Amino acid sequence: MASPSRVLITGISGFTGLHLSNRLLAEGCEVFGLANSHDGVHVPSLCADLGETDGIADWIHSIQPTHVVHLAALSHVVGPALPFYQVNVLGTESLLEAIRRAEVRPEKVLIASSANIYGQTRVSPISEDEPPLPANHYAASKAAMEWIARQWFERFPIIVTRPFNYTGAGQSEAFLFAKLAGAFHRRVPVLSLGNVRVARDLSDVSFVTEAYHRLLMSDLASTTLNICSGRSVAISEALAILRDLTGHDPEVTIDSALLRPNDVEVLTGDPTRLQAAIGPIMPVAPEEIFRRMVATLESGPA
């Protein structure tokens with residue numbers, strides 16, 4: 001299949017959306033956006049809530065996208081329950097309904113779910129065949145969103161992705177690995193953390209955007225795929241890498257308020273199905289991931 005030509009990205013003003021739009025623009029694609037903010041967005045975009053089905057349908061009809069990537073979501077693990085379901089479940093239903101009303105037939109609709117749906121599974125590495133065991137409302141909303149998406153498989157060529165943890169330059173410090181990089185860059189003397197034994201399958205955002213680009217070009221449809229490296233990094237390991245990179249050695253204290261009773265200690269994905277679908281992608285080594293993040297922080301705003 002040829003490279004995508006006109007791509008609509010929801011959540012384009014977010015971390016992944018900005019990186020993916022730059023990746024696709026470099027490939028010569030036309031990129032359009034949907035977001036709740038125009039901050040940092042340099043392509044034609046609609047500022048709207050996902051629930052504004054009619055307005056989104058009009059926008060989609062006007063731009064006639066060949067491909068749609070749905071990244072918009074409420075992505076923090078903790079928070080009040082209702083917004084997770086309003087945004088992640090009903091928002092996805094609204095988007096798919098808007099595509100239908102717009103009377104366009106995209107060649108691919110890629111919908112980002114989350115590896116958090118696997119929850120407290122004891123299987124490692126985790127394949128797509130593992131049943132969802134969500135341990136919080138964020139994960140439960142993503143599992144429900146996948147069920148909604150499957151109801152549309154016969155109407156659109158949909159791929160659902162389950163990205164495991166990833167990070168990179170520009171990620172909000174609301175996310176753990178970005179928080180760590182920022183703290184070491186600022187030479188924070190005391191770092192309060194939760195369980196430092198927690199380990200996550202960790203990728204660089206460039207790995208994820210490369211996988212998404214290949215999936216958009218693929219002939220796949222009506223399927224669900226992990227986006228993962230197959231290699232986990234513990235928080236303690238990330239701390240050691242950042243100490244070596246920066247020469248800074250903060251005092252690390254354990255804050256009981258940051259210990260999550262339902263947290264999954266080790267989460268490692270099985271990339272076998274992804275690699276079979278789009279070929280191997282070389283994961284970025286953890287040391288290089290954090291080196292890039294620290295270098296970007298040190299260089300300051302562009």
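The values are calculated or read from the model by the stated rules, or taken from the named source; none is laboratory data. Because the structure is a prediction, the values reported are computed rather than measured. Neighbour counts run over all protein chains shown; Cβ positions are idealised from the backbone, glycine included.
Per-structure values
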quantity: Some residue of the stretch 180-195 being within 29 Å of residue 276 (Cβ to Cβ), in contact with a Phe, Trp or Tyr (Cβ under 7 Å, 6 or more places away or on another chain) and buried (at least 18 other Cβ atoms within 10 Å of the Cβ); calculated: no
quantity: Residue match in the stretch 23-40 (condition: at pLDDT below 95, crowded, with 20+ Cβ neighbours inside 10 Å, closer than 25 Å to residue 117 by Cβ and small (Gly, Ala, Ser)); calculated: yes
quantity: The stretch 260-280, subset modelled with pLDDT under 95, surrounded by 12 or more Cβ atoms within 10 Å (Cβ to Cβ) and not acidic (Asp, Glu), residue farthest from the chain's Cα centre (by Cα); calculated: 260
quantity: Failed criterion for residue 59 (all others in (1) modelled with pLDDT of 95 or more; (2) touching a helix residue (DSSP H, G or I) at 6+ places or on another chain (Cβ under 9 Å); (3) closer than 23 Å to residue 173 by Cβ hold); calculated: (3)
quantity: Out of 123, 89, sole residue that is over 30 Å from residue 293 (Cα atoms) and modelled with pLDDT under 95; calculated: 123
quantity: Number of positions in the stretch 49-99 that are crowded, with 17+ Cβ neighbours inside 10 Å, among the small types (Gly, Ala, Ser) and either under 25 Å from residue 29 (Cα atoms) or over 16 Å from the mean Cα position of the chain (by Cα) (or both); calculated: 6
quantity: Of residues in the stretch 72-107 being in contact (Cβ under 8 Å) with a residue 60 or more places away in the chain and small (Gly, Ala, Ser), the one nearest to residue 135 (Cα to Cα); calculated: 75
quantity: Residue that is over 23 Å from residue 164 (Cα atoms), touching a helix residue (DSSP H, G or I) at 6+ places or on another chain (Cβ under 8 Å) and polar (S, T, N, Q), where the choices are 94, 37; calculated: 94
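Okay, residues lined up against (1) at positive phi; (2) buried (at least 19 other Cβ atoms within 10 Å of the Cβ); (3) touching a residue at least 60 places away in the same chain (Cβ under 8 Å); (4) among the hydroxyl-bearing types (Ser, Thr, Tyr):
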position	(1), (2), (3), (4)
109	no, yes, no, no
117	no, yes, no, no
123	no, no, no, no
128	no, no, yes, no
133	no, no, no, no
139	no, yes, yes, no
143	no, yes, no, no
163	no, yes, yes, no
